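Trainee: The structure's right below; bear with me while I get my questions together.
The values are calculated or read from the model by the stated rules, or taken from the named source; none is laboratory data. Not measured: the values here are computed from a predicted model. Because the Cβ atoms are built from the backbone with ideal geometry, glycine has one as well, and the counts that use them run over all protein chains shown. Side chains are part of the model used for accessible areas, which takes the heavy atoms of the whole protein and leaves out ligands, DNA and RNA. Shrake-Rupley method; radii C 1.70, N 1.55, O 1.52, S 1.80 Å.
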Amino acid sequence: YVAAVYEHESILSPSPAVLVERRSALELMGRNLDVYEQQVLAAARQGAQIIVFPEDGIHGFNFTRSSIYPYLDFVPHSHSGKWNPCREPYLFNDTEVVQRLSCMALKNKIFLVANLGTKQPCERTDPRCPADGRYQFNTNVALAADGTLLATYRKHNLYFEYAFDTPPEPDYAFFDTPFAGKFGMFTCFDILFFEPAVNLIRQYNLKQIVYPTAWMNQLPLLSAVEFQQAFATAFNVNILAANIHHPTLGMTGSGIYTPVKSFIYHDMESYGGKLIVAEIPVITKDYKTNLEKTPGRVSEKGKEQSPPSFYAEMMYDNFTFVPVWGEKGELQVCANTLCCYLNYQRAVLTDELYALGVFDGLHTVHGTYYVQACALVKCGGLSFSTCGQEVTDATALIDFQLWANMSTPYIFPLLLTSGITLDFADHMGWKNNHYFLSKNRTSSGLLTAALYGRWYEKD
């Protein structure tokens, strides 16, 4: 099927904390929706059957709970009947935004997924009802090609979004399409947690995911395109990921991903939005990507002199590292119960420092979640203290085999190359209770090769 995602540079409110009238909120959102309308038309002309827009794309961000209120639409969450906002605008008040989205879908005969703010009045008798008498949700809507509202999803894992409430129960949101079957839906920070993302995919055996996000890139392990691809690979799903485009805030990185191919956009230099359209196969069967091919023989580690280990901070976590010296070698580094092993051979010796790092613990900055990570990274400079820094360019071509005795089955294989480009491993998967990742000759210089494990039970 043909899919489209649009990385949108939002027209933002100059002062989001200031209270405005609904009329001026609609005026600002209307300017973003004008852009959406052009992009839906462009995508439909290229044969797209579905288009996905980013999180916060219509209203922007940095609101307070009260200042976002004029920007919120009313969207019924579990509506028994079929509501077509474009054809039946009179059914509910304050539905201007979802009406416009519905009409775009209808006019262009395309499935459309977008993110908006919604409100839902609640009763004083509801113990969870906020003091102002309403819930405010960060919401995705999915609209059919005839404009019908198919599904809504209220974001569960909020990322410092004080204007919004967490829904009482996680939403398991999905919708059906004639061209690719069921699509699941979640938002941004949700991708790092078991609920609802992983549970949704497993419970409903979903193979296609739509994913609006407003993601701030964090190298070396959590750049948007890097993690989006790893998720598609780890769960054997297609992901249509639409990010916001605000390079000054570190936000860019969208794509259409299959488990074996990616169509991505990552640009921290230029301004303006970007439409990606790609034809991808519908995943129907549960084939395990690359898991059948077993990696080569792993030599038993001799007692050769291993280089000194050192500590450095990476992504706010205290990693234990060993330097990757010389043109080839075998290394290991451990922390807690996790041991990380590397066989490597460099094509040419360059004056770049690489290190093999391990972390097994609770990550506590900007969210709390348990990580098991084994990572080969390029350091920022030549001293140990630069390992773990954000690096975007590299020249070293390294053949490697990386493996670790991970305690969780949820492993995200990361492979990032120079200029924030992606590569795919030759082999990956489980063997003898270790997870492997191997690659001969990356397409360009290696930035990160890592096994990023999420041990959800220990969150």
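Trainee: For residue 284, state whether it is of a type outside the set (A, V, I, L, M) and either under 16 Å from residue 214 (Cα atoms) or modelled with pLDDT of 95 or more (or both).
Mentor: Working: of a type outside the set (A, V, I, L, M): yes; either under 16 Å from residue 214 (Cα atoms) or modelled with pLDDT of 95 or more (or both): no.
Spelling it out, it is not the case that residue 284 is of a type outside the set (A, V, I, L, M) and either under 16 Å from residue 214 (Cα atoms) or modelled with pLDDT of 95 or more (or both).
Trainee: So which of 267, 286, 190 is of a type in the set (D, E, K, R), out of contact with any Lys or Arg (no Cβ under 6 Å at 6 or more places or on another chain) and in contact (Cβ under 8 Å) with a residue 40 or more places away in the chain?
Mentor: Residue meeting the stated conditions: 286.
Trainee: Which count do you get for residues in the range 399-419 that are aliphatic (A, V, I, L, M), over 12 Å from residue 377 (Cα atoms) and in contact with a helix residue (DSSP H, G or I) (Cβ under 9 Å, 6 or more places away or on another chain)?
Mentor: Adding up the residues that qualify gives 1.
Trainee: Hey, can you tell me all the residues within the range 209-223 that are more than 21 Å from residue 359 (Cα to Cα) and surrounded by 24 or more Cβ atoms within 10 Å (Cβ to Cβ)?
Mentor: Residues of the range 209-223 that are more than 21 Å from residue 359 (Cα to Cα), as a first pass: 209-216.
Once the filter is applied, which keeps residues that are more than 21 Å from residue 359 (Cα to Cα) and surrounded by 24 or more Cβ atoms within 10 Å (Cβ to Cβ), the range 209-223 yields 209, 210, 211, 212, 213, 214, 215.
Trainee: Same structure, new question: If you go through the range 172-187 one residue at a time, do you hit one that is within 16 Å of residue 241 (Cβ to Cβ) and among the polar types (S, T, N, Q)?
Mentor: Yes, that holds for at least one residue.
Trainee: Moving on to the next point. For the structure I just gave you, tell me whether residue 55 is part of a loop (DSSP other than H, G, I, E, B), surrounded by 15 or more Cβ atoms within 10 Å (Cβ to Cβ) and free of Cβ contacts under 8 Å to residues at least 24 places away in the same chain. Write out each step before concluding.
Mentor: Values: part of a loop (DSSP other than H, G, I, E, B): yes; surrounded by 15 or more Cβ atoms within 10 Å (Cβ to Cβ): yes; free of Cβ contacts under 8 Å to residues at least 24 places away in the same chain: no.
When the stated conditions are applied, residue 55 does not pass them.
Trainee: Can you confirm whether the range 259-269 contains a residue that is within 26 Å of residue 372 (Cβ to Cβ) and either open to solvent by less than 20 Å² (accessible area, probe 1.4 Å) or more than 18 Å from the chain's Cα centre (by Cα) (or both)?
Mentor: The answer is yes; a qualifying residue exists.
Trainee: Please go through the range 398-421 and give me each residue that is under 12 Å from residue 446 (Cα atoms) and open to solvent by 30 Å² or more (accessible area, probe 1.4 Å), ordered by number. It would help to see each step written out before you state the result.
Mentor: So the first thing to find is which residues in the range 398-421 are under 12 Å from residue 446 (Cα atoms), and the list is 398-400, 414-421.
Answer for the range 398-421, where residues must be under 12 Å from residue 446 (Cα atoms) and open to solvent by 30 Å² or more (accessible area, probe 1.4 Å): 399, 419, 421.
Trainee: Anything in the range 343-377 that is open to solvent by 20 Å² or more (accessible area, probe 1.4 Å), touching a Cys at 6+ places or on another chain (Cβ under 9 Å) and part of a loop (DSSP other than H, G, I, E, B)? List them, or say none.
Mentor: 352
Trainee: Just checking, how many residues over the range 58-75 are crowded, with 24+ Cβ neighbours inside 10 Å, of a type in the set (Val, Ile, Thr) and more than 16 Å from residue 120 (Cβ to Cβ)?
Mentor: Total satisfying the criteria: 1.
Trainee: Go through the range 114-135 and give me each residue that's in contact with a Pro (Cβ under 9 Å, 6 or more places away or on another chain), within 26 Å of residue 214 (Cα to Cα) and open to solvent by less than 50 Å² (accessible area, probe 1.4 Å).
Mentor: 114, 115, 134, 135
Trainee: Further question on the same structure: Could you check the range 1-38 and list, in sequence order, the residues that are assigned to a strand (DSSP E or B) and not acidic (Asp, Glu)? Show your work before the answer.
Mentor: So in the range 1-38, the residues assigned to a strand (DSSP E or B) come out as 2-8.
2, 3, 4, 5, 6, 8 - these are the residues of the range 1-38 that are assigned to a strand (DSSP E or B) and not acidic (Asp, Glu).
Trainee: Could you look through the range 90-113, keep only residues that are out of contact with any strand residue (DSSP E or B) (no Cβ under 9 Å at 6 or more places or on another chain) and closer than 24 Å to residue 49 by Cα, and pick out the one that is surrounded by the most Cβ atoms within 10 Å (Cβ to Cβ)?
Mentor: Taking the range 90-113 first, the residues out of contact with any strand residue (DSSP E or B) (no Cβ under 9 Å at 6 or more places or on another chain) are 90-91, 100, 103, 107, 109.
After this cut, where a residue has to be closer than 24 Å to residue 49 by Cα as well, the list is 100, 103, 107, 109.
Working: 100: 22, 103: 19, 107: 14, 109: 12.
Step by step, filter the range 90-113, then rank; the result is 100.
Trainee: Identify, from the list 155, 107, the residue that is more than 30 Å from residue 369 (Cα to Cα) and in the same structural domain as residue 175 (by the TED database).
Mentor: Going through 155, 107 in turn, the sole match is 107.
Trainee: Okay, next question. Going through 444, 385, 407 one at a time, which residue ends up being more than 20 Å from residue 342 (Cα to Cα) and either among the β-branched types (Val, Ile, Thr) or touching a residue at least 12 places away in the same chain (Cβ under 8 Å) (or both)?
Mentor: Details: 444 fails: more than 20 Å from residue 342 (Cα to Cα); 407 fails: more than 20 Å from residue 342 (Cα to Cα).
One residue alone meets the criteria, 385.
Trainee: Moving to a separate point now. Among the listed residues 148, 139, 118, identify the single one that is touching a Gly at 6+ places or on another chain (Cβ under 8 Å) and touching a residue at least 24 places away in the same chain (Cβ under 8 Å).
Mentor: Only one candidate passes the filter, namely 139.
Trainee: Please list, ordered by residue number, the strands (runs of 3 or more DSSP E) wholly in the range 84-181 having 1 or more residues that are over 27 Å from residue 239 (Cα atoms). Break it down stepwise before answering.
Mentor: Working: elements: 111-121, 134-143, 149-154, 173-177.
Strands (runs of 3 or more DSSP E) meeting the threshold: 111-121, 134-143.
Trainee: Right, here's the next one. Please give the number of the condition residue 340 fails out of (1) assigned to a strand (DSSP E or B); (2) of a type in the set (A, V, I, L, M, F, W, C); (3) more than 30 Å from residue 197 (Cα to Cα).
Mentor: That leaves (3) as the condition not met.
Trainee: A follow-up question, please. Residue pairs, Cβ under 7 Å, 6 or more apart or interchain, first in the range 94-109 and touching a residue at least 40 places away in the same chain (Cβ under 8 Å), second acidic (Asp, Glu) and in a helix (DSSP H, G or I). List them.
Mentor: Correct list of pairs: 104/37.
Trainee: Right, something else. Assess whether residue 142 counts as being farther than 27 Å from residue 315 by Cβ, buried (at least 24 other Cβ atoms within 10 Å of the Cβ), small (Gly, Ala, Ser) and assigned by the TED database to the domain that holds residue 253.
Mentor: On the way: farther than 27 Å from residue 315 by Cβ: yes; buried (at least 24 other Cβ atoms within 10 Å of the Cβ): yes; small (Gly, Ala, Ser): yes; assigned by the TED database to the domain that holds residue 253: yes.
For residue 142, the condition - farther than 27 Å from residue 315 by Cβ, buried (at least 24 other Cβ atoms within 10 Å of the Cβ), small (Gly, Ala, Ser) and assigned by the TED database to the domain that holds residue 253 - is met.
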